[in-house]
Amino acid sequence: MRKLIVGMLVAVLVLVLVPSAVLAKPDMDKPLPATGVELVQKVTLRGKPGGVGGGKSVNQAATGVLGASSSGETYAIIVGISDYPGTANDLQYSDDDAQDVYNALTTLYGYGAGNVHLLLDLDASFAAIQSAINDVESQEVAGDEVVFFFSGHGTKGVANDGDTEKTDEAIVCHDGNPSGSLMAIWDGQLRDWFADFDSSRIVFIFDSCLAGGMTDLKAPGRVINMACSEGGLSYESGFWQNGQFTYFFVDQGMLTAKADRYDNITGVADVTVEEAFDYAKANCQVQKPAITDSFDDDLLL
């Protein structure tokens, strides 16, 4: 009896001392509670920056050509936010980044416009991004291919997002308010939203500060392309008319085919995901792109 009473007292103390938000399972469909939240702004450079091209990747890329699966549909969610609430947090070229990704997928890689969600600025709210992901999930099946792209601000803090990280990273949606409160999608939350996808061909691309923290999304059949390290900054410039990573990964790497080092499929646009990443990594200055590549057999066709 004495042990039972002691055990009950300990349980009561735990309930009192541990916040209920930690004990409760988070509702991943809603914005999550977080503490110590810090906006880490993408840096807009003035004038001509370093890193204007010419570097060559040194590693042989694999052959993960977008849209080149032998069967299946292709889907994409493309998010670019330059216009945040107020003016203090506005960017210049994140919406251009998203438009370039849209152009690359639809003109080079055979993605049908009807299967692409393009969310820019005011349209890129928490609810809209979640709805787009849910819509793709409701349609995609094994053998399909999915791309998720985000360009905008990153943030960090301690979020109740279902993982055990001491510091969590997030992408910042459009909706918030000019006084500084943010609407974020945390890394563990985004992982949860993609957890039930059937496709084994999912490409993630993040052009935001702290992008390297998005490795929570790692799973077989996925490749995560991140503009910088987990604690790093990302940059944009009028010289590039893009974020630096997107400029070399998509604008130069794919749309002008400067990343195409190996003729993977004769007669078609065949800059692979890995070739584009290698080219961006070789050319980006200051920031250090990172990749987590879990494609089975590197998507050899």
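Rule-based calculations on the coordinates, nothing more; no lab input. Note that the structure is predicted; figures quoted are calculated from it, not measured. Every residue, glycine among them, receives a Cβ derived from its backbone with ideal geometry; neighbour counts consider all protein chains shown.
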Obtain the nm distance between the two label points defined at Lys218 and Thr164 by a simple spin-label model: each point lies 7 Å from its Cα along the Cα-to-C-beta direction.
-> 1.5 nm
In segment 220-265, the chymotrypsin sites (Phe, Trp or Tyr not before Pro) that sit in a DSSP loop and have at most 16 other Cβ atoms within 10 Å of their own Cβ are Phe239, Tyr262
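Per Stokes-Einstein, at 25 °C and 0.890 mPa s, what whole-number D in µm² s⁻¹ belongs to segment 137-197, with the Kirkwood radius over Cα pairs as the hydrodynamic radius?
184 µm²/s
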Here segment 39-46 yields Karplus 3J(HN,Hα) values (6.51, -1.76, 1.60; θ = phi - 60°; whole Hz; Gly and Pro given as x) of 6, 10, 7, 4, 8, 8, 7, 9
Stretch gain in nm, segment Thr107-Lys30, where the contour uses 0.36 nm per residue and the Cα spacing is subtracted = 24.2 nm
Under 5 Å, built H, 5+ apart or other chain: amide partners of Val147 | Tyr75, Ala76, Ile77, Val203
What does the highest-first list of 196-202, 161-167 look like by mean Cβ count within 10 Å?
-> 196-202, 161-167
